[in-house]
Every structure is written in C-alpha cells, then in structure tokens.
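Here's the structure, in structure tokens; my notes come after.
The values are calculated or read from the model by the stated rules, or taken from the named source; none is laboratory data. Note that the coordinates shown come from a computational prediction; the quantities given were computed from them, not determined experimentally. Here the Cβ positions follow ideal geometry from the backbone for every residue, glycine too, while neighbour counts run over all protein chains shown. Please note that ligands, DNA and RNA were not included when accessible areas were found on the heavy atoms of the full protein model with its side chains. Shrake-Rupley method; radii C 1.70, N 1.55, O 1.52, S 1.80 Å.
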Amino acid sequence: FWPVCLGLCLAALLALPAWAESSLGQANITPATTMKEIRANPSIQGSGLYTYVHTWERDCEKLQHNHDDETLEEVVGSASAPSCAAGLNCLVENYNAGIRVTYKLYTPEEIAAKPSRDHAEMYYFPAEQPGAKYAVVLSGNALVYSGELRGGVSTAWELHEQGYAVFALRYRIGKEAGEDAPLDDLGRAIQFITAHAADFGVQTEGYALLGYSSGGQIAGVFGSAEKGWQKYGVPKPGALLLAYPINDFTIAKPIYCALMDVDDWMQEHYYDYALSNLIAPGYPPVFLWYGKSDRTLKLFGFEQQGPALQKALEADSIPYEEKVYEKAGHGIGIGLGTEAEGWLAEAGKFWRQVTS
C-alpha cells in the first residue's frame with residue numbers, strides 16, 4: 001500500500017511543474033493573431049489587460065465577441081500592430097515571470113461608493129533596469145472607444161525599448177467621465193506610482209505623460225499646476241509628449257456636458273479648458289506632433305488645435321519641440337509605415353534632454 005501511495009505522490013510532484021507551466025500562455029502573438037486567440041491566452045487573461053475596443057464590450061454579453069474574429073492588425077491598424085504585438089508578448093513574459101500587470105486605482109470601498117471607478121486601472125510594463133524614469137500613457141477615447149491596445153500597449157513597448165518603465169492608463173470615458181473623472185484617475189495613478197516608486201523601480205521625478213488625441217488634452221490639463229499636478233499633490237511632470245492632441249473642445253462642449261455633467265453644467269470641467277489658455281511660465285516642456293491632413297483636428301477647427309498650442313508655448317517661452325507632417329492622419333498611434341514613423345524615438349530624445 002505505502003509503496004503505491006509514495007509512487008503516486010512522486011508522480012504528482014513530478015507532474016506539477018508541467019501542469020503549472022501549461023496554465024501560462026505563450027508569447028507568440030503576431031499582428032495576424034485573432035482577438036479571440038489573444039483573449040484565450042491564459043497569461044493575457046490572468047494579467048487583467050483590457051483587450052476590447054469599446055467601453056461596454058467586456059461587460060455586455062451580446063457584444064462581447066464582436067471583434068473576436070478580427071486580427072490584431074485589423075483592430076489596432078497597421079501603423080501600430082507590430083509594436084502592439086511585441087508589447088503583448090512582453091506582457092505575457094512579464095506575467096509568466098510573476099510580475100503583476102494590472103493595478104486598480106481605487107479601493108473596494110471607493111468602488112462600492114461609485115461603481116464606475118472599477119474601470120479605472122493601469123497596466124505596468126517595467127523597465128529592464130531599476131531606477132528608470134516612467135511614462136503614463138493616455139490613449140484617445142472618442143467617448144466610447146477604448147484605446148488601451150493601439151495606444152497603451154504599443155507605446156509601452158516602444159518606450160520599454162528606450163529603457164523606460166510605462167504605465168498604460170485605462171481612465172473613465174463616456175458617461176463615466178463626469179465630474180472630472182479622467183483627471184481624478186490620472187491623479188490617483190501618479191499618487192500610487194509615487195507612493196510605490198521603490199516597488200516599481202522608478203524615479204518619482206521627471207516622469208512623462210504621453211497622450212493621444214483627447215488623452216493629450218487630459219495630459220495637457222494635468223500639466224497645469226492649478227488644474228492638475230499641484231492640485232493632486234504629486235510631482236510636476238518632466239515632459240508632456242502629445243500626439244495629435246485636442247487643444248480646444250469648444251465644438252463638442254455641449255455634447256460632453258449633456259452626456260456627462262448635465263446636472264453640474266454651471267461648473268468648469270476638464271473638457272472646458274483649452275490647453276493654450278492654460279500655458280503659463282513653469283508649464284512642463286512639450287513635445288507636440290500632428291498632421292496637416294488630420295480630419296479630426298479639422299473638424300474641431302484646425303487652427304485652434306496644434307497651431308494655437310504651439311503659439312501659446314512660444315509666447316510663454318516653454319521648452320517645446322513641434323513636428324508637423326503633411327500626411328499623417330488621426331489615430332495612427334506609433335505611425336509605422338507613415339510619414340510620422342519614428343516620432344516616438346524623437347519624443348523620447350526630447351524627454352531625456354529636458355529632464356537630464
């Protein structure tokens with residue numbers, strides 16, 4: 001009896017590593033991998049990364065799989081797909097190595113008081129070496145679009161390759177973005193990173209906020225001492241890296257107010273601020289780029305976007321670098337294969353120069 005029991009126990013112990021390994025996913029994601037395959041990867045599932053395109057997809061059974069049969073490239077676009085695939089593989093490897101990826105920004109008690117806070121989280125991509133500077137990435141959103149893959153993961157990979165640590169932020173959008181929720185989410189993220197800098201292996205000073213489109217507007221508001229970083233009691237950003245940012249939401253303000261803050265329309269909110277009006281001495285250095293062919297910026301009034309922001313930076317002698325491309329559309333992210341390809345390397349160089 002005992003020899004049989006010992007034999008079974010020994011067999012179970014020998015099988016344990018193989019069982020544990022089989023519960024982890026492989027880092028074999030490519031631009032041609034389908035979203036269904038990505039979401040079925042045990043390590044992607046375990047990491048907690050939000051892999052959907054719209055805010056409601058993961059929580060709505062009828063719409064949950066409407067992008068499952070599309071490839072990663074079809075979902076994020078060819079200009080970001082290679083970097084996004086590399087970033088997802090990096091995330092899988094980190095998770096398999098025991099590194100925690102997802103961090104909720106609010107306590108269970110805070111979430112119980114306001115359930116929308118459960119959607120506020122950040123995804124951690126550590127640097128290769130401790131003591132690195134870090135960036136927080138804010139993707140664009142267009143009210144319902146959730147850009148954690150196109151903006152967050154792809155950018156995290158590119159900055160990781162430059163030696164930085166990265167936190168891709170999932171902030172509240174759409175109907176959940178009332179009462180300045182996106183600013184609160186960003187403020188809470190910086191507070192959390194600052195408090196746990198030693199655990200994350202990052203410096204508390206000299207960090208960058210990298211924002212795409214409307215995420216760039218949020219990052220720009222946070223760069224204001226009065227409206228942003230000082231209000232939340234955190235260090236001033238070392239640099240703002242803004243990709244086709246919205247400078248002025250004037251044309252959309254009535255829609256935003258009706259959707260988010262109809263009961264509080266007398267108060268100013270983050271989308272009420274034009275970044276060019278917030279620029280003042282002491283504002284963080286800015287790297288800015290956009291394309292002349294950007295239809296979204298034209299919709300909002302092209303001259304009131306990048307050009308107005310550049311003039312304000314120049315007027316207040318804020319260190320900045322501007323790239324204006326003839327043909328670079330909205331939402332191209334990393335911009336591989338476009339006229340804007342390489343912008344993130346230039347942005348990283350600018351960040352190093354202004355924080356050295």
key: So F192, is it modelled with pLDDT of 95 or more, open to solvent by 10 Å² or more (accessible area, probe 1.4 Å), in contact with a Leu (Cβ under 7 Å, 6 or more places away or on another chain) and of a type in the set (F, W, Y)   = yes
query = From E303, E326, E321, which residue is in contact with a Leu (Cβ under 8 Å, 6 or more places away or on another chain), among the charged types (D, E, K, R) and open to solvent by 40 Å² or more (accessible area, probe 1.4 Å)?
reply = E321
ask   = Among the residues of region 195-211, which ones are open to solvent by 40 Å² or more (accessible area, probe 1.4 Å) and small (G, A, S)?
value = A195, A198
request  = Name the one entry in A239, A225, A219, A243 that is within 16 Å of R188 (Cα to Cα), in contact (Cβ under 8 Å) with a residue 60 or more places away in the chain and not acidic (D, E).
outcome  = A219
Count of region 65-120 residues which are assigned to a helix (DSSP H, G or I) and not hydrophobic (A, V, I, L, M, F, W, C) = 18
task = Kindly list, by first and then second residue, each pair from a residue in region 248-267 that is under 26 Å from E303 (Cβ atoms) to a residue that is assigned to a helix (DSSP H, G or I), limited to pairs with Cβ atoms under 6 Å and residues at least 6 apart or on different chains.
result = D248/Q304; F249/Y271; Y256/Y271
ask   = Does L241 count as of a type in the set (A, V, I, L, M, F, W, C) and either in contact with a Lys or Arg (Cβ under 8 Å, 6 or more places away or on another chain) or part of a helix (DSSP H, G or I) (or both)?
value = no
task = State the number of residues belonging to region 130-177 that are aromatic (F, W, Y), in a strand (DSSP E or B) and touching a Gly at 6+ places or on another chain (Cβ under 7 Å).
result = 0
Region 46-59 - residue that is open to solvent by 30 Å² or more (accessible area, probe 1.4 Å) and more than 17 Å from Y103 (Cβ to Cβ) and, of those, modelled with the highest pLDDT = H54
request  = Could you give me the residue pairs with C-beta distances under 7 Å whose first residue belongs to region 337-352 and is of a type in the set (V, I, T), whose second residue is in a loop (DSSP other than H, G, I, E, B) wherever it lies, and which are 6+ apart or on separate chains?
outcome  = T338/A79; T338/A328; T338/I332
ask   = Within region 220-236, can one find any residue that is modelled with pLDDT of 95 or more, touching a strand residue (DSSP E or B) at 6+ places or on another chain (Cβ under 7 Å) and not in a helix (DSSP H, G or I)?
value = yes
inquiry  = For region 148-189, give me the residue count where each residue is open to solvent by 10 Å² or more (accessible area, probe 1.4 Å), in contact (Cβ under 8 Å) with a residue 40 or more places away in the chain and at positive phi.
reply    = 2
